[in-house]
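The values are calculated or read from the model by the stated rules, or taken from the named source; none is laboratory data. The model shown is predicted, which means the values in this text are computed figures rather than measured ones. With ideal geometry, Cβ positions are generated from the backbone for all residues, glycine too; neighbour counts draw on all protein chains shown.
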Amino acid sequence: VATQVRRFFPDGVDTALELVGTPTLSDTLRATRVHGVVCFTGMLSNEWTVKDFYPIDYLPRGVRLTAYSGEASDLSTDVLQGFLDDVAAGRAVVPLDRAFRLEEIREAHALMESGDAHGKLVVMP
């Protein structure tokens, strides 16, 4: 996505959240501006390491890489309660692109991989 991102933000984005994993991390880093930050937190790809990782070649100049792998206990009760209050008041909205029946799992996966979904994809059993 780095090329597409750079069309809209020629200098790159300020921050990026990497949720897919090591196969897309390099691309996410290239989409980020100098002094920008990438937070690596997802491992959806089931690939756990970057092969032959050499930081000087892998990390774009000036782009910061951090990671998050927290637990529920890392979230303060005040922050959690604030989120729950927002949910109860209808202020917390998770964008839903589409719900699929289990028989449509292939279509759901194809939409996910196409990058055309604009929100969460839900598969109902």
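Of the helices (runs of 4 or more DSSP H) entirely within the stretch 50-125, those holding at least 2 residues that are surrounded by 10 or more Cβ atoms within 10 Å (Cβ to Cβ) occupy 77-88, 105-114. Here Ala67 clears all of (1) over 17 Å from Leu25 (Cβ atoms); (2) under 21 Å from the mean Cα position of the chain (by Cα); (3) among the aliphatic types (A, V, I, L, M) except the condition numbered (1). Tell me yes or no: at least one residue of the stretch 60-68 is out of contact with any Gly (no Cβ under 8 Å at 6 or more places or on another chain) and either of a type in the set (Asp, Glu) or more than 28 Å from Gln4 (Cα to Cα) (or both). No: zero hits. Any residue that is under 21 Å from the mean Cα position of the chain (by Cα) and either in contact (Cβ under 8 Å) with a residue 12 or more places away in the chain or on the phi > 0 side of the Ramachandran plot (or both) - is there at least one of those in the stretch 71-93? Looking for residues that are under 21 Å from the mean Cα position of the chain (by Cα) and either in contact (Cβ under 8 Å) with a residue 12 or more places away in the chain or on the phi > 0 side of the Ramachandran plot (or both), one finds none in the stretch 71-93, hence no. Could you count how many residues in the stretch 1-43 are assigned to a loop (DSSP other than H, G, I, E, B) and in contact (Cβ under 8 Å) with a residue 24 or more places away in the chain? Count: 9. Scanning the stretch 70-105 for residues that are modelled with pLDDT under 85, among the β-branched types (Val, Ile, Thr) and farther than 30 Å from Arg30 by Cβ yields a single hit, Val93. Which members of the stretch 111-125 meet the condition of being of a type in the set (D, E, K, R) and in contact (Cβ under 8 Å) with a residue 12 or more places away in the chain? Lys120, the sole residue that qualifies.
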